[in-house]
1. Exactly one condition in (1) within 18 Å of residue 176 (Cβ to Cβ); (2) in contact with a strand residue (DSSP E or B) (Cβ under 9 Å, 6 or more places away or on another chain); (3) buried (at least 16 other Cβ atoms within 10 Å of the Cβ) is false for residue 97; which is it?
2. Within segment 141-164, can one find any residue that is in a loop (DSSP other than H, G, I, E, B), modelled with pLDDT of 95 or more, of a type outside the set (S, T, N, Q) and touching a strand residue (DSSP E or B) at 6+ places or on another chain (Cβ under 7 Å)?
3. Could you tell me which numbered condition residue 158 fails, if it satisfies all but one of (1) aromatic (Phe, Trp, Tyr); (2) in contact with a Lys or Arg (Cβ under 7 Å, 6 or more places away or on another chain); (3) closer than 16 Å to residue 203 by Cβ?
4. Just need a number here: residues in segment 285-335 that are of a type in the set (A, V, I, L, M) and more than 27 Å from residue 18 (Cα to Cα).
5. Taking segment 27-67 as the region of interest, how many residues are at positive phi and either within 12 Å of the chain's Cα centre (by Cα) or touching a residue at least 12 places away in the same chain (Cβ under 8 Å) (or both)?
6. Taking the options 23, 11, 112, 28, name whichever one is over 19 Å from residue 219 (Cα atoms), surrounded by 16 or more Cβ atoms within 10 Å (Cβ to Cβ), of a type in the set (A, V, I, L, M, F, W, C) and at pLDDT below 95.
7. I'd like to verify a number: residues in segment 170-185 that are charged (D, E, K, R) and surrounded by 24 or more Cβ atoms within 10 Å (Cβ to Cβ), how many?
Amino acid sequence: MSAQTTTAEVLLRASDVTKHYPLRADGLSRRRKVLRAVDGVSLEVRGGETLGIVGESGCGKSTLGRCLVRLTELTGGRVEFDGQDISTLSTRRLRPVRPGMQLVFQDPQASLNPRRRAGDIVAEPLLVHRYGDGAAVRRRVAELFDVVGLAAAHLDRYPHEFSGGQRQRIGIARALATNPKLIVADEPVSALDVSIQAQVLNLFADLQEEFALTYVFIAHDLGVVRHVSDRIAVMYLGEIVELGETEALYKEPAHPYTQALLSAVPDIDDGTLSDEVPRERIVLTGEVPNPVDKPTGCPFRTRCPYARERCALERPQLTVTASGRRTACHFPLID
């Protein structure tokens, strides 16, 4: 993370954010159960940085991303964007805030209306937020196509006439239309071929430099997250279990879950991560617990090779270790 990013003001702050989904009552006990998709997440994102969010499928990272931009309503907690509490704003009061925060979706095909031309898709947020007259909107759309590496001649094509990488570029152009400060990218390259992934990631980097964008970058691919992020938050069962600067976290993880995830990252040369010492592969045993019925104490204890009695009795809080790392573990791997 650059010194400029470190001293930048906080653009996005989440405090104890929760998103719970009530389920149908059990037919026998009649007890109403709750799926805890996001369970008390707190984090900050500074202007100009990229915060990566990683974790296994179903850990709640996509739901958290949607909560941060109020695409999904919060069950509890608080989200502040650019100094304003947006947690409980009505749809009308939230509307002027919307241009400043946008979302790029995982599946570029499913997120684009197949019945609308590409130019109309990118123009829609401009029309919704009354960017200008028709001529101004058309000029802006053509400009956005050029910014993301698409030809203006493609404005009248439909989504199915583009490749996967091109469709994602259309999605990025749509997100850029309102000149946002923050973009939440929800696994934006996971549906793309590896060769195309690199192109799209480079585009994200170029756009961040050109437009001073701030990213929350959600992914399950640890290699991708390392490439793009200044800091990384690791999620497990709806909670953040570790948060720290990217290189420090990769070189010396503090949480056993992070250690296990990193041990699974392959390297084409010798099984190590870049110039680091070789990592012993850690295979986690047991199934991921059900978020409807989370374990008592530490949610990771049922799969943790270092679990002790305290882990079953007391839920660890995300605290700062002596090394400056934030981790939710009673017995962190580093002090």
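1. Going through (1) within 18 Å of residue 176 (Cβ to Cβ); (2) in contact with a strand residue (DSSP E or B) (Cβ under 9 Å, 6 or more places away or on another chain); (3) buried (at least 16 other Cβ atoms within 10 Å of the Cβ) one by one, residue 97 breaks only (3).
2. Checked against the condition, which is being in a loop (DSSP other than H, G, I, E, B), modelled with pLDDT of 95 or more, of a type outside the set (S, T, N, Q) and touching a strand residue (DSSP E or B) at 6+ places or on another chain (Cβ under 7 Å), segment 141-164 yields no hits at all.
3. All conditions are met except number (3).
4. The qualifying residues number 3.
5. Filtering segment 27-67 for residues at positive phi gives 30, 40, 48, 55, 58, 60.
If we keep only those that are either within 12 Å of the chain's Cα centre (by Cα) or touching a residue at least 12 places away in the same chain (Cβ under 8 Å) (or both) too, we end up with 40, 48, 55, 58, 60.
Number of matching residues: 5.
6. Values: 23 fails: surrounded by 16 or more Cβ atoms within 10 Å (Cβ to Cβ); 11 fails: at pLDDT below 95; 28 fails: surrounded by 16 or more Cβ atoms within 10 Å (Cβ to Cβ).
After ruling out the rest, the residue left standing is 112.
7. First pass over segment 170-185, keeping only residues charged (D, E, K, R): 174, 181.
Imposing the further condition that a residue be surrounded by 24 or more Cβ atoms within 10 Å (Cβ to Cβ) reduces the set to 174.
Number of matching residues: 1.
Condition check ((1) exposed (fewer than 15 other Cβ atoms within 10 Å of the Cβ); (2) assigned to a loop (DSSP other than H, G, I, E, B)) across all residues:
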residue	(1), (2)
32	yes, yes
36	no, no
40	no, no
48	no, yes
51	no, no
78	no, no
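The values are calculated or read from the model by the stated rules, or taken from the named source; none is laboratory data. These numbers were taken from a predicted model, which means no experiment stands behind them. We place every Cβ from the backbone using ideal geometry, glycine too, and count neighbours over all the protein chains shown.
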